[in-house]
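S.K.: There's a structure below that I have some questions on.
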Amino acid sequence: MIRSLPRRPAATAAAASLLAVMVTAPVVAPVVAAHHPDVTRTPARERRPGPAGGAGFQFGIDVSHWQSFIRWRRVASSGVDFAIAKATDGTWMVDHWYERNRRRAQRNDVHFTAYHFARPGRAPGDARREADYFLKHADLRARNLTPALDIEASGGLRPRALRTWVLAWLRRVENRLGVKPIVYTSPGFWIGHVDNSRRIARRGYKVLWLAHYDTRRPTVPARRWDGKGWTLWQWTECGHVRGVRGCVDRNYYRGDDIRDLTIRRLSRGPVRPR
């Protein structure tokens, strides 16, 4: 999804990229590429797969510091309906372009929300600390869209522990914002690191944001997300949109109105553990 780590020195970039590709090879068929932040891919010509827009679909982008300066007025005029911006990474990094992206996207009437890049850890309360860090810095309000958890790193946790970590983060954010967050992942990661579990979907987290490229029909893990299918599909990491220099992730929303994912009213009360 979003390359969350700083750029490496030029002398080591090629070797590091080769190593990253070797250790993050997909565990399923080659068409399903786990979207690991350390993997740098060669930009390819944008191809629009599957749904061609129109009735029942809306278009969006997701952005981070990798896009740098974005001209949001041009983005809004290009037919982009919504934007999801990186806010935080673990408990140590706030995306330095986030606040500008949030202000300018909303000023230009682009439906907006934030995502958190998860860095799961074994320490007690780790998921809750990451959730609180995200809530503080994302500063989402009523009328923003539902936030997302970007889960594409396991932190070395086994599937059962990783599921527990993900649920703890999701519940913490739900308690504060009054909505069930979106889950972002790839088929390869979910099958390989979460044991293709349906537990998250069965706990009510129905909105799946799926990353699967170079296909006209994405592979939906967890038995089609417990029968619910995908809601958001990130179908390319090298789309082109006016107002954004270079490549940008592009997404479909499968629905008539992205505002169906709006935060209606914040639950400003204390966070209740479960």
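A short reminder: the numbers here are calculations on the coordinates, not readings from a lab. What you see is a predicted model, and the numbers here were worked out from it, not measured in a lab. Glycine also receives a Cβ, built like all others from the backbone with ideal geometry; neighbour counts cover every protein chain displayed.
S.K.: Hey, with R₀ at 25 Å, roughly what FRET efficiency would Ser267 and Phe57 work out to, going by the Cβ-Cβ distance, to 0.05?
M.R.: So, using R0 = 25 Å, E works out to roughly 0.20.
S.K.: Now for a different question. Taking H as built 1.01 Å from N, whose amide H comes closer than 5 Å to the amide H of Thr236, not counting residues under 5 places away?
M.R.: Under 5 Å from the amide H of Thr236: Arg250.
S.K.: Work out from phi, with θ = phi - 60° and the Karplus expression 6.51 cos²θ - 1.76 cosθ + 1.60, the ³J(HN,Hα) of each residue of segment 82-92, listed in order in whole Hz, and give x for Gly and Pro.
M.R.: Coupling constants for segment 82-92: 8, 9, 10, 10, 5, 9, 9, 9, x, 10, 10 Hz.
S.K.: Further, regarding this structure: What length, rounded to one decimal in nm, is gained on full extension from Ala142 through to Arg242, with 0.36 nm per residue of separation minus their alpha-carbon distance?
M.R.: Extra length available between Ala142 and Arg242 comes to 33.2 nm.
S.K.: With only Lys, Arg, Asp and Glu charged, each at its Cβ (+1 for the first two, -1 for the last two), find how big the charge dipole of segment 78-210 is about the Cα centre; round to the nearest 20 debye.
M.R.: With only Lys, Arg, Asp and Glu charged at Cβ, the dipole is about 480 debye.
S.K.: Quick check: the distance between the Cα centres of segment 150-185 and segment 209-268, to the nearest angstrom?
M.R.: 18 Å
S.K.: Cut-off is 10 Å between beta-carbons; in what order do Glu99, Glu152 appear when sorted fewest neighbours first?
M.R.: Glu99, Glu152
S.K.: On to the next question. Can you bin every Cα-Cα distance in segment 51-261 into 10 Å intervals starting at zero and give me the percent of pairs per bin, rounded to whole numbers?
M.R.: Reading the bins upward from 0: 9, 36, 39, 15, 1.
S.K.: Filter the trypsin sites (Lys or Arg not before Pro) in segment 136-177 down to the DSSP loop ones having no more than 13 other Cβ atoms within 10 Å, then list what survives.
M.R.: The qualifying sites are Arg141, Arg143.
S.K.: Taking amide H positions as placed in the peptide plane 1.01 Å from N, state which residues far from Gly255 in sequence (5 or more) or on other chains have amide H under 5 Å from it.
M.R.: Phe57, Gln58
S.K.: Same structure, new question: Skipping prolines and chain starts, which residues have an amide H placed within reach, meaning under 5 Å, of the one on Phe112, given they are 5 or more residues away or on another chain?
M.R.: HN-HN under 5 Å from Phe112: Ala83, Leu145.
S.K.: Can I ask one more? Between Asp260 and Trp92, what is the label-to-label distance in nm when each label sits 7 Å out along the Cα-to-Cβ direction?
M.R.: My value for the distance between the label points is 4.0 nm.
S.K.: If you plug each phi of segment 216-221 into the Karplus form 6.51 cos²θ - 1.76 cosθ + 1.60 with θ = phi - 60°, what whole-Hz ³J(HN,Hα) values come out, in order, with x for Gly and Pro?
M.R.: In residue order, the calculated couplings are 8, 9, x, 7, 9, x Hz.
S.K.: Moving to a separate point now. Can you run phi through the Karplus equation (6.51, -1.76, 1.60; θ = phi - 60°) for segment 145-153 and list ³J(HN,Hα) in whole Hz, with x for Gly and Pro?
M.R.: For segment 145-153, the Karplus curve yields 7, 4, x, 10, 9, 8, 10, 9, 9 Hz.
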